[in-house]
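Novice: Handing you this structure, nothing more for now.
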């Protein structure tokens, strides 16, 4: 079963409390701290009481335990089957070369014969390319070691350019099936597609200025009004569910939704809004409404 | 009257609430009409406890509205996984778990009676209270752990002899892989369980277009994958929105279809009674029960791939007649990226160059209405459009005119 107490936060938390007790330095405040950091918001009202009342015979009143070894458990079959499925995914090569002997006696939970991502874009990153794999591994290593990177990359005009950046995160979009590198420290390169990187090198001795350029949070928002017709409410709410948003009902089947998004995705947002047809109307801001109107005017001129 | 507990026995109990708070976030307590007020208060309190920091509320004329607010591009790990780590257990369960795992660190190949003796001498007698576990309780827990793979068992003479299963791989070597796939892989919560076994969980990844709400359908998805892997039919309890009822149906699971652009997940299954392939929304499936072994499973899958899949735009796969759709769009000389868009976004059909600035897309699909959403994304370039389904064509054109009105386009 996937929903099982051995994977639960209570077991994990108790495991950490017992580990500390085995080290012989467990105090009351440690218990509270471990619970606060690892369990749920109200767990501090429950776990200490059950431990102290000897409901769970694991810890005595002096915070000593008869458990002798730091708690651990083997992987379950469920975990091994999941891991096996992951290790046969084509993207796993980006991380390391996987020996076919790993988990050879384990039946995967799923394989690519079992699923279809039916609206994924067809021009995903080249996961088989040696150059791409080399760059991916270098970049991941640089992020983990906090090292600056020299990048040689193709810019929007497809001209080879260079930049020294601090690699912050690798961003992946399943819809685009592409990785992007999020950077700081460079005023002209905030985000670069991995497939556009020709070459990269870790600069071990290079010191980036401590006050190096940090990209701003470019969040902006739109407010839309929606008429719940042809199941539009459910479709819109699920479609935009990955964004931070605020929704309210304004009348019987009319809703107002404020959606926050990154300004670099404005064109994508225009397209996504248009896809819902006449059931969604943008009411704020004016600048975004103008983008929609501009497209509709062009469309009206084309329509025969 | 039962008292409130933080943990729950059945995840289905809170699955609907999490979805409502996260997807909609504007309903008041009274609008959760399927459940009692007491149930609403308890589940809201639990979810607040599980997702502290992500819950909020707004006051309105008709009452307080609870919402879960998460920008999935900002979080490194799906916060909803925490809700799946809330399974309740008994005092015996947790006590025996830690004792058994401890016993097997320095011992191997033990019978129930040997384990029972060690439990009492080394652990229970440590406390000043009278407590023991009988053979049956211990054997049940041991057998449960054999089933999930923590322990192994072999019969020696008349006795069951138990041992710990030793992991053959060093999990920490795969940490980055698990960090990545626990977010983008199916049933990613299992990856999150594995990460809980590791100390440092710092991730180098963030995710865009990340539909984290799929996490709450993990149990259903796991059972569907398991059935496909065993080539078995299943009995699903399926909620149908149109009739607002829940029905039990036996089907043969063929594939999982996922929309990475809308976050919806579907089961494509063969329905023996209707003798065709159908799609079922995963978030509408409330229960999955094991069925029977299906002897022609591979043939059905092949049949689906060869006869059906090539004409699916979305998830409709059971219409008798294909519907034709074609449209032409204007692409200026400096807009070849639009042609790239056509190529990368089309799921079936073909693209034809009509002249230097005009390209035609055409396809035969089971349900042309599924293509409409995509066609609308080309608004400002559509020169002409034809559907074999004339009613749909009229509706498409009327929708465009309604959009002009909506924005006062003269």
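Novice: From the list A:205, A:217, which one is under 17 Å from residue A:262 (Cα atoms) and in a loop (DSSP other than H, G, I, E, B)? Break it down stepwise before answering.
Specialist: Numbers: A:205 fails: under 17 Å from residue A:262 (Cα atoms).
Testing whether each residue is under 17 Å from residue A:262 (Cα atoms) and in a loop (DSSP other than H, G, I, E, B) leaves just A:217.
Novice: Considering region B:332-360 alone, what residues qualify as being closer than 18 Å to residue A:122 by Cβ and in a loop (DSSP other than H, G, I, E, B)?
Specialist: B:346, B:347, B:348, B:349
Novice: From the list B:329, B:385, B:354, B:338, which one is crowded, with 20+ Cβ neighbours inside 10 Å, more than 26 Å from the chain's Cα centre (by Cα) and not assigned by TED's automatic domain parsing to the domain that holds residue B:271? Break it down stepwise before answering.
Specialist: Values: B:385 fails: crowded, with 20+ Cβ neighbours inside 10 Å; B:354 fails: crowded, with 20+ Cβ neighbours inside 10 Å; B:338 fails: crowded, with 20+ Cβ neighbours inside 10 Å.
Being crowded, with 20+ Cβ neighbours inside 10 Å, more than 26 Å from the chain's Cα centre (by Cα) and not assigned by TED's automatic domain parsing to the domain that holds residue B:271 holds for just one of B:329, B:385, B:354, B:338, which is B:329.
Novice: Looking only at region B:38-77, which residues are within 19 Å of the chain's Cα centre (by Cα) and more than 9 Å from chain A (Cβ to nearest Cβ)?
Specialist: B:47, B:68, B:75, B:77
Novice: What are the residues in region A:117-174 that are within 14 Å of chain B (Cβ to nearest Cβ), free of Cβ contacts under 8 Å to residues at least 40 places away in the same chain and within 23 Å of residue A:206 (Cα to Cα), if any?
Specialist: Answer for region A:117-174, where residues must be within 14 Å of chain B (Cβ to nearest Cβ), free of Cβ contacts under 8 Å to residues at least 40 places away in the same chain and within 23 Å of residue A:206 (Cα to Cα): A:143, A:144, A:146, A:167, A:168, A:169, A:170.
Novice: Hey, another quick one. Can you find a residue that is buried (at least 19 other Cβ atoms within 10 Å of the Cβ), over 15 Å from the mean Cα position of the chain (by Cα) and not assigned by TED's automatic domain parsing to the domain that holds residue B:25 anywhere in region B:280-292?
Specialist: no
Novice: Filtering region A:91-116 down to residues that are over 19 Å from residue B:190 (Cβ atoms) and in a loop (DSSP other than H, G, I, E, B), which residue is nearest to the other protein chains (Cβ to nearest Cβ)?
Specialist: First pass over region A:91-116, keeping only residues over 19 Å from residue B:190 (Cβ atoms): A:93-94, A:96-97, A:99-101, A:104, A:113, A:116.
Next, from what is left, pick out any that are in a loop (DSSP other than H, G, I, E, B): A:96-97, A:99-101, A:104.
Numbers: A:96: 7, A:97: 12, A:99: 10, A:100: 13, A:101: 9, A:104: 9 Å.
Residue satisfying both the conditions and the ranking: A:96.
Novice: Moving on. Just to be sure, is residue A:77 touching a helix residue (DSSP H, G or I) at 6+ places or on another chain (Cβ under 7 Å) and crowded, with 20+ Cβ neighbours inside 10 Å? Explain how you work it out, then say what you get.
Specialist: Numbers: touching a helix residue (DSSP H, G or I) at 6+ places or on another chain (Cβ under 7 Å): yes; crowded, with 20+ Cβ neighbours inside 10 Å: no.
Spelling it out, it is not the case that residue A:77 is touching a helix residue (DSSP H, G or I) at 6+ places or on another chain (Cβ under 7 Å) and crowded, with 20+ Cβ neighbours inside 10 Å.
Novice: Okay, moving on. Restricting attention to region B:25-37, and to residues there that are surrounded by fewer than 19 Cβ atoms within 10 Å (Cβ to Cβ) and within 10 Å of chain A (Cβ to nearest Cβ), which single residue is modelled with the lowest pLDDT?
Specialist: Looking at the filtered set, the residue picked out is B:31.
Novice: While we're looking at this one, here's another question. Tell me which strands (runs of 3 or more DSSP E) are completely within region B:236-285 and hold 1 or more residues being within 21 Å of residue B:185 (Cα to Cα) and away from chain A (no Cβ under 14 Å), or say none if there are none.
Specialist: Working: elements: B:245-258, B:265-271, B:276-281.
So the answer is B:276-281.
Novice: Can you tell me which residues in region B:135-152 are touching a helix residue (DSSP H, G or I) at 6+ places or on another chain (Cβ under 6 Å), more than 14 Å from chain A (Cβ to nearest Cβ) and either assigned to a strand (DSSP E or B) or surrounded by fewer than 14 Cβ atoms within 10 Å (Cβ to Cβ) (or both)?
Specialist: Listed by number, the list holds a single entry, B:135.
Novice: Also: From the list B:115, B:99, exactly one residue is in contact (Cβ under 8 Å) with a residue 12 or more places away in the chain and either touching a strand residue (DSSP E or B) at 6+ places or on another chain (Cβ under 9 Å) or assigned to a loop (DSSP other than H, G, I, E, B) (or both). Which is it?
Specialist: Criteria check complete, one pass: B:115.
Novice: Pick from A:225, A:234: which is in a helix (DSSP H, G or I), at pLDDT 90 or above, within 11 Å of chain B (Cβ to nearest Cβ) and surrounded by fewer than 17 Cβ atoms within 10 Å (Cβ to Cβ)?
Specialist: So the residue among A:225, A:234 that is in a helix (DSSP H, G or I), at pLDDT 90 or above, within 11 Å of chain B (Cβ to nearest Cβ) and surrounded by fewer than 17 Cβ atoms within 10 Å (Cβ to Cβ) is A:234.
Novice: Also: Among the residues of region A:1-29, which ones are more than 11 Å from chain B (Cβ to nearest Cβ) and surrounded by fewer than 16 Cβ atoms within 10 Å (Cβ to Cβ)?
Specialist: A:23, A:24, A:25, A:27, A:28, A:29
Novice: Which condition does residue B:214 not pass, out of (1) within 16 Å of residue A:76 (Cβ to Cβ); (2) part of a helix (DSSP H, G or I), if it passes all the others?
Specialist: Going through the list (1) within 16 Å of residue A:76 (Cβ to Cβ); (2) part of a helix (DSSP H, G or I), residue B:214 breaks only (1).
Novice: Still on this structure, I have one more. Tell me which residues, restricted to region A:42-71, are surrounded by fewer than 18 Cβ atoms within 10 Å (Cβ to Cβ), more than 7 Å from chain B (Cβ to nearest Cβ) and either over 32 Å from the mean Cα position of the chain (by Cα) or assigned to a loop (DSSP other than H, G, I, E, B) (or both).
Specialist: A:48, A:49, A:50, A:52, A:53, A:61, A:62, A:64, A:70
The values are calculated or read from the model by the stated rules, or taken from the named source; none is laboratory data. Model, not experiment: these values are computed from the prediction. Backbone-built Cβ (ideal geometry, glycine too); neighbour counts: all protein chains shown.
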